[in-house]
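So the structure is just underneath, and the comments pick up after that.
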Amino acid sequence: MSRWLNSPLAIGVGTREIVVGARMPRLSRLRKPASAAEPASVAIPEAQCCTEPGALDALRTALADTLIATPAADAASVQQEVVQKRSATIVLDDFWGNHAILRGDFRALRARELEEIALAYFTDTYGIDGASLVVRFSVQRGGRALFASAMSRELLDGIHDVSAAEHVGIGRLTLCLPEMLNRVGDAAEGGEALLLFVADEQMQAVMIEQNRWVAYDTQRLFPGDAGDASRLAELAEQLFERSATRASLKHEDCKIHLFGVETELAPFEARFAAAIRQTPTTDRSPAHRLMECAQ
């Protein structure tokens, strides 16, 4: 019998790796069972990194690797049990989507109207055919800001098709940033702060005011940038300047909260009022951290 068969799955979809682990029930996460299986990791070949076909091929292999071959006599019962019991939460690297925080008065608008506004923003900004996108959104408290995400419909359909072929039902699928923001809580303690999320390929900034997400910006990172704290601090200052919602707000007076890769705090402390590392140092790969986020 498979070591994974009775466990929901937590899946991290990175740009260079897919990691699949067993998702423990909430009350069981305080202690790790001695028999828990190690996550299955599948690297995306270099030539296919950051491509949808590469991610889907690796996902197919990773899901197949979560099953251990069983005797032929048990095949039918195992197949039935897989169909009934395998489910997954999937968290994708933000490379696979786009985000935006739109400002306006959204209080009286219906869901369909909000979706059309978000879709129009992504199509106008990135020149992408709206029919090729799937948009998700949420109106911030007070109704003056709209957080929206867009993903490739082809990638989303591909993930569902691959999962269905491996008898995995997707309970929840999300990009990493909205998942992280929902876990941040009152990081600014009711004031103003810049949340900085650093990954291998990009850096994302979310400005918060009075516990509300009010502005978003992103910066592509090139090889070597993620390991250069001074370079990251310089880019963070640029993101702040583009995200500040009023001219009187200066980076010297704003706290910055760092998420993602490990980096030195000193260059950020020299530019901002304070630099706070919000996530513990870890040597896990980005895809492994996404899998943990899906837990």
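The values are calculated or read from the model by the stated rules, or taken from the named source; none is laboratory data. Everything numeric in this text was worked out from a predicted model, so none of it was measured. Glycine also receives a Cβ, built like all others from the backbone with ideal geometry; neighbour counts cover every protein chain displayed. Keep in mind that these areas ignore ligands, DNA and RNA; they rest on the heavy atoms of the full protein, side chains included. Shrake-Rupley method; radii C 1.70, N 1.55, O 1.52, S 1.80 Å.
Miscellaneous remarks
- Every residue from the stretch 220-273 that is open to solvent by less than 60 Å² (accessible area, probe 1.4 Å), of a type outside the set (A, V, I, L, M), at pLDDT 95 or above and out of contact with any strand residue (DSSP E or B) (no Cβ under 6 Å at 6 or more places or on another chain): GLU237, PRO267
- Residue in the stretch 139-164 that is least open to solvent (accessible area, probe 1.4 Å), counting only those that are at pLDDT below 95 and either under 17 Å from LEU177 (Cα atoms) or of a type in the set (Val, Ile, Thr) (or both): ALA145
- Which listed residue, of GLU201, GLU179, is surrounded by 18 or more Cβ atoms within 10 Å (Cβ to Cβ) and charged (D, E, K, R): GLU201
- Applying the criterion of at least 1 residues that are among the polar types (S, T, N, Q) to the strands (runs of 3 or more DSSP E) found wholly in the stretch 153-228 leaves 169-175, 202-209, 212-220.
- Counted residues, the stretch 96-106 - those being at pLDDT 95 or above and open to solvent by 60 Å² or more (accessible area, probe 1.4 Å): 1
- In the condition set (1) closer than 30 Å to ARG136 by Cα; (2) open to solvent by less than 20 Å² (accessible area, probe 1.4 Å); (3) modelled with pLDDT under 95, LEU92 is compliant with all but (3).
- Residue within the stretch 209-219 that is open to solvent by 40 Å² or more (accessible area, probe 1.4 Å) and free of Cβ contacts under 8 Å to residues at least 24 places away in the same chain present: yes
- Per the listing LEU133, LEU119, LEU109, the residue uniquely closer than 22 Å to GLU52 by Cβ, open to solvent by 20 Å² or more (accessible area, probe 1.4 Å) and of a type in the set (A, V, I, L, M) is LEU119.
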